[in-house]
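Have a look at the structure below before the remarks.
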Amino acid sequence: SVLLHEMTHGLGFVSMTNPDGSSQVAPPTVYSSYDNLLYTGNGNKLWTAAGAFNGVASWLTGGDGGLVFTGTNAHQVFGTDPPLFAPDPYEPGSSVSHWNTGMAGPPLMAPAIAAGQMVRDYQPFEIGALRDLGYTTIDPNQLNAAGDWMHYR
């Protein structure tokens, strides 16, 4: 469970923001593709196209209606923009880079997992989020017995 969760961060489900909205990497306008899909619950985009923080630090801790992931595929499956983990105070390493607590499922990208709990499947909206980040998904029903993608003519 934890390995799959951490691998998903490595696939790009991660924010590059500090608690004040600045970038964790240099130059100061470098953010992730994931960050580009983050808005406040009231519809304010967190970063400009040029990579400048477009808000105030309180937005990263739930101000302005909380934080949401606005990917089209995730929205379609979830029914609305899925909420993100934005506690006050900001929790480095957890804030912004996970789904909000208390979501049914639970989602693989929750901010914590209980001892002995196993979460080894993505929720459908999480697969949508990965598609929003640029990944292609393959329907397992389209694989042959050898695990190869079957091509149809």
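The values are calculated or read from the model by the stated rules, or taken from the named source; none is laboratory data. What you see is a predicted model; the values in this text were computed from it and never measured. All Cβ positions, glycine included, derive from the backbone under ideal geometry; neighbour counts span all protein chains shown. SASA here: full protein model, heavy atoms, side chains in, ligands and nucleic acids out. Shrake-Rupley method; radii C 1.70, N 1.55, O 1.52, S 1.80 Å.
Just the residues that are surrounded by fewer than 21 Cβ atoms within 10 Å (Cβ to Cβ), touching a residue at least 24 places away in the same chain (Cβ under 8 Å), of a type outside the set (Ser, Thr, Tyr) and in a loop (DSSP other than H, G, I, E, B), please, taken from the range 82-107.
Across the range 82-107, the qualifying residues are Pro87, Asp88, Pro89, Pro92, Asn100.
Inside the range 1-16, can you point out the residues that are in contact with a Ser or Thr (Cβ under 7 Å, 6 or more places away or on another chain) and among the β-branched types (Val, Ile, Thr)?
Correct list: Val14 only.
Quick check on the range 48-57. Is at least one of its residues within 21 Å of Asp132 (Cβ to Cβ) and within 14 Å of the chain's Cα centre (by Cα)?
no
So how many residues does the range 1-51 have that are open to solvent by 40 Å² or more (accessible area, probe 1.4 Å), assigned to a loop (DSSP other than H, G, I, E, B) and not aliphatic (A, V, I, L, M)?
15
Farther than 17 Å from Tyr122 by Cα, small (Gly, Ala, Ser), open to solvent by 40 Å² or more (accessible area, probe 1.4 Å) and not in a loop (DSSP other than H, G, I, E, B) - does that describe any residue in the range 52-62? Before you say what the answer is, go through the steps one by one.
Our first condition is that a residue be farther than 17 Å from Tyr122 by Cα; within the range 52-62, this holds for 52-62.
Restricting the remaining residues to those that are small (Gly, Ala, Ser) gives 52, 55, 57-58, 62.
Pick out the ones that are also open to solvent by 40 Å² or more (accessible area, probe 1.4 Å) and you get 52, 57-58.
After this cut, where a residue has to be not in a loop (DSSP other than H, G, I, E, B) as well, the list is 57-58.
Within the range 52-62 (the criterion being farther than 17 Å from Tyr122 by Cα, small (Gly, Ala, Ser), open to solvent by 40 Å² or more (accessible area, probe 1.4 Å) and not in a loop (DSSP other than H, G, I, E, B)), the answer is yes, since at least one residue qualifies.
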